[in-house]
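The values are calculated or read from the model by the stated rules, or taken from the named source; none is laboratory data. Not measured: the values here are computed from a predicted model. Here Cβ is always computed from backbone atoms with ideal geometry, including for glycine, and neighbour counts include all displayed protein chains. What goes into the accessible areas is simple: the full protein's heavy atoms, side chains included, and nothing from ligands, DNA or RNA. Shrake-Rupley method; radii C 1.70, N 1.55, O 1.52, S 1.80 Å.
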Amino acid sequence: MKKTVRDVEVRGKRALVRCDFNVPMQDGKITDDIRITSALPTIKYLIDHGAKVILMSHMGRPKGEAKMEYTLKPVAERLEELLGQAVSFISVPEVVNQQIVDAAGALKEGQVMLLENVRFRKEETKNEAGFAKELAQLGEIFVNDAFGTAHRAHCSTAGVADYLPAVSGFLIEKEVKFLGDALENPQRPFVAIMGGAKVGDKIPVIENLLKKVDTLIIGGGMSYTFFKAMGLEIGTSILDEDSIGLAGELIKKAESAGVKLVLPVDVVCAKEFDNNSEKKVCDRENIPSDMMGMDIGPKSVQLISDELAKAKTVVWNGPAGVFEMPNFAEGTKKIAEALANSQATTIIGGGDSAAAVEQFGFADKMTHISTGGGASLEFLEGKALPGIAVLEEK
Ligand code: ADP
Ligand code: MG
């Protein structure tokens with residue numbers, strides 16, 4: 001177990017907090033502030049417990065230059081509104097200089113300041129010790145609450161922990177609890193659903209999950225590579241040519257591990273990759289040579305729903321079809337609905353899967369929706385995430 005802000009004395013201390021304020025922006029305005037509101041519990045806890053709060057984050061890809069379209073000023077303003085108190089923000093291209101050191105030193109208990117975008121410094125993404133030290137000198141304790149960047153070893157996510165005691169905030173605590181418990185200590189039957197476009201990206205995740213789950217369901221674009229490995233014809237469906245061999249090996253691995261592997265038995269085919277394309281349902285053995293699979297068919301939906309009904313823990317990554325097109329969203333929607341109605345612990349990982357659940361209105365019915373696309377995938381792969389590995393053990 002990793003230490004959290006609850007496990008250390010923060011009163012009177014300068015707490016250097018890594019948040020994920022990488023919010024979507026348009027014309028200098030924040031279009032969605034969920035990442036800011038998600039960070040509030042940790043920030044408020046620190047304020048309420050008398051810490052001197054120094055926040056840091058990246059936004060976008062300024063590539064090591066102080067490009068002002070990536071300034072965190074709008075975030076500071078939004079934070080002031082949400083917290084109902086002043087958030088001091090001094091924009092300097094070097095992120096840390098003497099003025100910033102003095103401002104951090106002058107903070108009183110419960111006061112908050114935000115640093116400029118840490119990626120204005122090219123050292124940040126290289127995790128260079130010099131910049132990590134500059135940041136670390138501002139605080140007396142490091143709090144990491146940015147799960148979305150926890151799979152990256154950068155100065156602000158990992159490097160600073162070489163110089164400061166490091167603990168997690170509430171967001172990382174929650175991610176580690178749900179993703180970690182699912183992998184290490186799941187209530188069984190434990191079912192994983194994998195989908196999405198390509199197999200290649202997710203082979204390591206499938207391999208790790210095969211060691212843990214009772215049932216593995218494959219849907220979405222990646223099914224066609226499995227179909228190909230089984231000797232089926234897939235028409236013009238998306239194919240990950242380089243992964244056909246690996247898909248075949250995974251089928252054998254599932255068998256020898258005693259994992260039940262469930263692949264779609266029917267698919268919704270279309271002539272073109274277009275919502276308005278002519279479509280029809282076919283069994284997987286009968287995909288026409290001039291059509292592509294865009295969604296799972298009704299028999300597959302039934303088969304998958306039956307498996308989900310037995311599950312006590314479900315991890316879902318990757319949509320079952322091209323859910324962005326309403327005519328091919330049904331399979332993904334039905335899976336989301338089955339999970340929403342299930343008593344199982346339901347965990348959603350992956351950016352598009354989370355978006356799908358959100359879009360269909362089932363988000364508040366899931367046990368946990370992971371906030372980090374790449375980070376949650378690496379977690380599910382069984383990799384140690386640098387931003388979590390550096391945190392102190394209880
Ligand atoms: P996540 O972000 O949840 O990890 P991915 O990024 O791997 O998921 O995959 C999501 C994408 O997969 C979506 O854009 C979806 O349209 C696409 N996809 C799903 N099924 C198919 C299919 N049959 N053919 C082509 N693309 C598909
Ligand atoms: Mg994605």
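Charged neighbours of Glu337, selected by a Cβ distance under 11 Å, balance to +2 (K, R count +1; D, E count -1).
Here the peptides 25-33, 149-157, 108-116 are ranked by packing, the mean other Cβ count within 10 Å, and the order with the highest first is 149-157, 108-116, 25-33. Quick one: Cα centre-to-centre distance for the range 336-379 and the range 67-94, in angstrom? For the range 336-379 versus the range 67-94, the Cα centre distance is 31 Å. Placing pseudo-labels 7 Å out from each Cα toward the beta carbon at Asn286 and Lys383 gives an inter-label distance of 4.3 nm. Size of the chain from its Cα atoms: along the principal axes, largest to smallest, the extents are 71, 44, 36 Å. The GluC sites (Glu not before Pro) of the range 217-326 that meet both conditions, a loop assignment by DSSP and at most 11 other Cβ atoms within 10 Å of the site Cβ, are Glu278. Radius of gyration over Kirkwood radius for the range 161-281, both on Cα atoms: the Rg/Rh ratio is 1.10. Considering only the Cα atoms of the range 32-84, their convex hull presents on average a projected area of 4.2 nm². Ordering of 94-100, 366-372 by packing is 366-372, 94-100, highest average first (other Cβ atoms within 10 Å, averaged per residue). Ligands, DNA and RNA are left out, and with a 1.4 angstrom probe the accessible area of the range 324-394 is 43 Å² per residue. Taking only alpha carbon atoms, the range 39-127 gives an Rg to Rh ratio of 0.97, where Rh is the Kirkwood radius. Over all alpha-carbon pairs in the range 247-336, figure out the percentage whose distance exceeds 21 Å. It works out to 38 percent of all Cα pairs.
Expressed as a whole percent, the accessible area of the chain that falls on carbon and sulfur atoms is 48 (1.4 Å probe).
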